[in-house]
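Here the structure comes first, spelled out in structure tokens, and everything after it is commentary.
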Amino acid sequence: MLSALDLIRRIAAGALSPRGAVELCAQAIDAREKEIGAFVTLDLDAARKRADEPGLAATPLGGLPVAFKDIFATADLPTQCGSPIYAGYQPRADATAVVLTRRAGGNMLGKTVTTEMASMVPAGTRNPHNLAHTPGGSSSGSAAAVAAGMVPLAFGTQTAGSVIRPAAFCGVAGYKPSYRLIPLVGVKDVAWHLDTAGLFGAGTADVAFAAAEILQRDLRVDRAAPAAPRIALARTHLWPKASAAMANALETAARIAAAAGAKVTDVTLPKELENAYGAQFVIQDYETFRTLAFEYDRHRDLIGQQLRDQLDRGAAIPADAYDAARRTASRGRQVFADTMADYDVILTPSAPGAAPRGLESTGDPAFNRLWTLLGTPCVNIPGLFDDSGLPLGIQIVGRFGRDRTALEAALFVEDAIKRKLNA
């Protein structure tokens, strides 16, 4: 993988040019894209031209190559949302996140594959660690592109688990910020109370650096050793879904973190959070049916059966049930804030296990839905693997608006795992 921080330091030192960074990506794309299928659109010539612009190396991102999930509107490239309905569609303006990335000196290489309308319909991208396994979804292309070293940074979105889950399956860092920290203007809606834009990178410090520079916020965690966090080890009511390998990985991560100085405490989450988990399904289906109202009414025959079934479920949900789910979600946020009074973050699985074999499913977002609903910052920590060599993702969950704390805790655990495995 290409570390964004390593590349920017080399660019700042004059050891690498922005054009050289593009060529590193181009080499990896040439070597692996045909088998992985991470990109739906590429424009390396435009990226090379941009890389040669004077002064780019002195910008915050230094001309680092960046990719965007193909639901972010881009004026220079089509935005097709993984759907034949939008084949060849060319927006007139960039999404706000694209503009902010360009302003910071990011250099867009292309658009990454998304599942149909960012749903759970598989899109054909393969997992770089094993081509017979799914990379996850819906941000499948972004996670796979970073894992394969084809780009150091990529944007995705999460409505249920579409940043953290593919990051876990592909063995990269995935950062889902607090709800709407990254603007979603110009991004295709799925469910407006849930959608959250996020970033993929080689490690926690890489995504924190990128988010800090793009958003102009104090999010960097690479300038000093991270403080030892107070960690709540939460298996949640979904623990029976965790594979034996995932259960072992979580216990291993907890032991390593504790040995490194973190205070780790087992916690049982209140029943209200289990109820909030159930409310997420209602909110997502109800809102998705309405965000895709035009497509459903005018182009229903072009919508895949799996997504069509989901939309039909949403159509059957009455407003009263949706409103009740919203109230349950609100109570869940209050209860979660109270639960976290004595802890900095939660440590919990990113997914039930390693990436499933086959491309018929993008995997189960069970361990992500609650945190997306609560709007909390989440970070997938890479570094652990099952016996077959597939990545196992461990997730740090923070309190709403405490993104830097979550990122610092994730870096602490990530670094501790690296030291232990390299000892």
Open item on the list: Starting from the 7 Å offset along Cα-to-Cβ, what nm value, one decimal, do you get for the label separation of Arg48 and Gln306?
Closed with: 3.7 nm
Task: Residue list for region 402-422, given a label point 7 angstrom along the Cα-to-Cβ vector of Arg217 and an amide N cut-off under 13 Å - done: 402-408
Open item on the list: On the Cα set of region 337-423, report Rg and Dmax in Å, please.
Closed with: 14.2, 42
Task: region 4-215 - convex hull of the alpha-carbon atoms, volume per residue in Å³ - done: 102 Å³
TODO: Hand me the trypsin sites (Lys or Arg not before Pro) from region 29-94 located in a DSSP loop with no more than 13 other Cβ atoms within 10 Å, in residue order please.
DONE: Arg92
TODO: Based on alpha-carbon positions alone, could you give the equivalent ellipsoid semi-axes of region 1-99 from the gyration tensor, as √(5λ), descending, whole Å?
DONE: 26, 17, 11
- [ ] Among the chymotrypsin sites (Phe, Trp or Tyr not before Pro) in region 184-238, which ones are in a DSSP loop with at most 15 other Cβ atoms within 10 Å of the Cβ? Mind listing them?
- [x] Trp192
TODO: Could you please state, rounded to a whole Å, how far the C-alpha centre of region 223-258 is from the C-alpha centre of region 138-184?
DONE: 20 Å
- [ ] Would you look at the GNM of the chain, springs on alpha carbons closer than 10 Å, and say which of Ser178, Ser243, Ser142 moves the most?
- [x] Ser243
TODO: Let me know the Rg and Dmax you get for the chain when you use only its Cα atoms, in Å.
DONE: 20.0, 61
Task: Residue of Ser140, Ser162, Ser388 that the Gaussian network model of the chain assigns the largest fluctuation, springs spanning Cα pairs under 10 Å - done: Ser388
- [ ] Measure up Lys49/Lys111; Lys271/Lys418; Lys188/Lys271; Lys34/Lys241 against 26 Å on the Cα-Cα distance and list the ones that go over.
- [x] Lys271/Lys418; Lys188/Lys271; Lys34/Lys241
Task: Estimated distance in nm for a label pair at Thr252 and Arg10, the labels positioned 7 Å out from Cα along Cα-to-Cβ - done: 2.9 nm
TODO: Please give the FRET efficiency for Asp387 paired with Tyr89, using the beta carbon to beta carbon distance and R0 = 41 Å, rounded to the nearest 0.05.
DONE: 0.40
Open item on the list: Can you compute the FRET efficiency between Arg331 and Ala58 using 1/(1 + (r/R0)^6), with r the Cβ-Cβ distance and R0 = 51 Å? Round to the nearest 0.05.
Closed with: 0.55
Open item on the list: If I build a Gaussian network model for the chain, linking alpha-carbon pairs within less than 10 angstrom, which residue out of Gly375, Gly278, Gly105 has the largest mean-square fluctuation?
Closed with: Gly278
- [ ] Give a quick list of trypsin sites (Lys or Arg not before Pro) in region 103-200 that DSSP marks as loop, anything other than H, G, I, E or B, with at most 14 other Cβ atoms within 10 Å.
- [x] Arg180
TODO: Enumerate the lysines that Lys420 could reach by cross-link, defined here as Cα to Cα under 23 Å, with residues fewer than 8 away along the same chain left out.
DONE: Lys263
- [ ] Return the calculated 222 nm mean residue ellipticity for the chain, to the nearest 500 deg cm²/dmol, obtained by summing -39500 (n - 2.57) across DSSP H runs with n ≥ 4 and dividing by the residue count.
- [x] -12500 deg cm²/dmol
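Every read-out reported here was derived from the displayed coordinates using simple, explicitly stated rules and does not represent laboratory data. The structure displayed is predicted, hence computed values, not measured ones. Please note: Cβ atoms are built from the backbone with ideal geometry, for glycine as well, and neighbour counts cover all protein chains shown.
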